[in-house]
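The values are calculated or read from the model by the stated rules, or taken from the named source; none is laboratory data. Small disclaimer: the values here were computed from a predicted structure and weren't measured. Using ideal geometry, Cβ is built from the backbone for each residue, glycine included, and neighbour counts are taken over all protein chains shown.
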Amino acid sequence: MREFQRIAIAAFTVMLMVGTVSCTLFQKKYDKSSATGWNYNDPKWGGFYVPDNVEEKTGPGLVFVQGGTFVMGSTEQDVMGDWNNIPHRVTVPSFYIDETEVSNVNYREYTYWLGRVFGNSYPQVYFDALPDTLAWRSQLAYNEPLVEYYFRHPAYNDFPVVGVTWEQANKYCKWRSDRVNEMLLIKAGILSQADINNQQDDNNFDTKAYLYGLYDGTPGKEMQSRRTPYKNPDGSPRRIMFSDGVLLPDYRLPTEAEWEYAALAYIGQNPRPSNKEGKMGEDMIMNRQVYPWTVNPDGLRDPRRGAWQGQFLANFKIGSGDNMGVAGGLNDRASIPGPVNSFYPNAFGLYNMAGNVSEWVEDVYRPLSPTEVSDFSPFRGNVFRDVYRDENGEVQKDSLGSLVTVLEPDSIAAEHWNYGHADLRNYMDGDSLSGVTYAYGETTLINDKSRVIKGGSWNDRPYWLSPGARRFMQQDMASNTVGFRCAMNRVGSQQGNGFKTGNYFRTPRAKR
């Protein structure tokens, strides 16, 4: 009996020790702050939430473009005599850009959403977003069928949308940002999909309005779970913040430098591109090419032997009265724009960076800008805005559900050493120098609403297909030769593919 008691006591002691060890092993471990030693994500230590280090996910339709330095500007003789694209070295940070131009079906999805959400109360919002199909009209050409059918007929679903102003393109980018972020929150279980068909007027998901607490929506399964990581210190669910890593940056128009860099895709000329961390490719700083493709960088036809030898690599106007060749031997097979995924992609996998349609970019047009000031991520068009707050200090949203913003007062801008004014579209453009006899917008056709367009179109000669060529058009005007594609900032690693930012070296261990 005593022997049995001793065995039972020993077994109980072992079980107690195992239980203690198990509790220690399975106890939740928290990362600690290297600055304070406090636990992250621990309600007992304030509940400061720090998500895992994750790289930015690629948004729908986008392609990653690894940044770098390149010679921006003309790559062939300036036959127009504009002298507005003098070659100069710049650096472009890594970013994302659409694989293709925005198509008719993409844009119809946008106008359908506007009609569904705002059609009853604000029908003009829908009508203002429609492309100007009358852009197809020509005084001495029978283009009426294109006026009626190009944007609406399903045969043209995958053709690039045209007749869109720069202003309309920017509004599309904002709408796309909101819809993509709404989709990410729904898929993460933070918002409920049931809200999609219930949104009307100002009660619709807007990313910035949501972040400022002006849109609630119905919580999804993740926010209803007791295990959700998005908690306040008292354990109640909290609103998602941008620092949680769920939301993507905004879709936007690319800058001129980004567009030109992406079009040239010099990575395709690099004989040893770096695809491993710690490995370096060739330094191709001085490389130049006329057109976006690397298969024949100075020519318009495919030089490779086979069925495609001699075929045109882009959609453009071959000569006077020749938009597609002769019957039985059509060359580019497109009398007007072709599908957005047709013709030869460049080394980044981007389609129609030459030909098909010219494209809006974000920049305000000036013939020249001082290159010594803007050789990193150059851009003209900064108009700094701030969130509007009422007399109680509260942010507001407008009747369409968007956050209300205002131009920053120059008094606020002047407090920062890096800029003295909030509207910098005219910064160092030469028209304010003493003794000048012109002023942009007063004695010239170039003004603050003049925006750069890049890339040749289906109705342009080869000269305009070179990525360095540049033209401009007023931001409230539209054309049947101009479309657009979206871009997005890249956050985190500049090399992509999970590579770290910066170089890391193995250091020898210190001798004991």
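Among the residues here, N426 qualifies as free of Cβ contacts under 8 Å to residues at least 24 places away in the same chain and buried (at least 17 other Cβ atoms within 10 Å of the Cβ). Given the criteria out of contact with any helix residue (DSSP H, G or I) (no Cβ under 8 Å at 6 or more places or on another chain) and aromatic (F, W, Y), does F118 qualify? Judged against the criteria, F118 is not a match. Screening the candidates Q168, Q124 for the property of being modelled with pLDDT of 95 or more and under 25 Å from the mean Cα position of the chain (by Cα) yields one hit, Q168.
Of the residues making up segment 201-220, none is over 14 Å from L403 (Cα atoms) and in contact (Cβ under 8 Å) with a residue 60 or more places away in the chain.
From the list Y344, Y351, Y291, Y365, the one residue that fits, being touching a residue at least 40 places away in the same chain (Cβ under 8 Å), under 30 Å from D431 (Cβ atoms) and hydroxyl-bearing (S, T, Y), is Y365.
Residues that are surrounded by fewer than 12 Cβ atoms within 10 Å (Cβ to Cβ) and hydroxyl-bearing (S, T, Y) were ranked within segment 429-456; the one that is modelled with the lowest pLDDT is S434. Among the residues that make up segment 485-492, is at least one of them assigned to a strand (DSSP E or B), at pLDDT 95 or above, within 20 Å of A262 (Cβ to Cβ) and not aliphatic (A, V, I, L, M)? So far as segment 485-492 goes, yes, one or more of its residues are assigned to a strand (DSSP E or B), at pLDDT 95 or above, within 20 Å of A262 (Cβ to Cβ) and not aliphatic (A, V, I, L, M). Answer with yes or no whether G81 is in a loop (DSSP other than H, G, I, E, B) and either of a type in the set (G, A, S) or modelled with pLDDT of 95 or more (or both). Spelling it out, G81 is indeed in a loop (DSSP other than H, G, I, E, B) and either of a type in the set (G, A, S) or modelled with pLDDT of 95 or more (or both). Scanning segment 397-420 for residues that are without any contact (Cβ under 8 Å) to a residue 12 or more places away in the chain and among the hydrophobic types (A, V, I, L, M, F, W, C), we see that the one that is farthest from R385 (Cα to Cα) is W417. Among residues that are basic (K, R) and modelled with pLDDT of 85 or more, R305 is not included. Check segment 185-192 and report whether any residue there is more than 23 Å from T228 (Cβ to Cβ) and either of a type outside the set (A, V, I, L, M, F, W, C) or surrounded by fewer than 19 Cβ atoms within 10 Å (Cβ to Cβ) (or both). Scanning segment 185-192, I find no residue that is more than 23 Å from T228 (Cβ to Cβ) and either of a type outside the set (A, V, I, L, M, F, W, C) or surrounded by fewer than 19 Cβ atoms within 10 Å (Cβ to Cβ) (or both), so the answer is no. If only residues of segment 311-337 that are of a type in the set (A, V, I, L, M, F, W, C) and outside any loop (DSSP other than H, G, I, E, B) are counted, the one that is surrounded by the fewest Cβ atoms within 10 Å (Cβ to Cβ) is V326. In segment 72-104, which residue that is among the aliphatic types (A, V, I, L, M) and either without any contact (Cβ under 8 Å) to a residue 12 or more places away in the chain or surrounded by fewer than 15 Cβ atoms within 10 Å (Cβ to Cβ) (or both) is farthest from D132 (Cα to Cα)? Result: I86.
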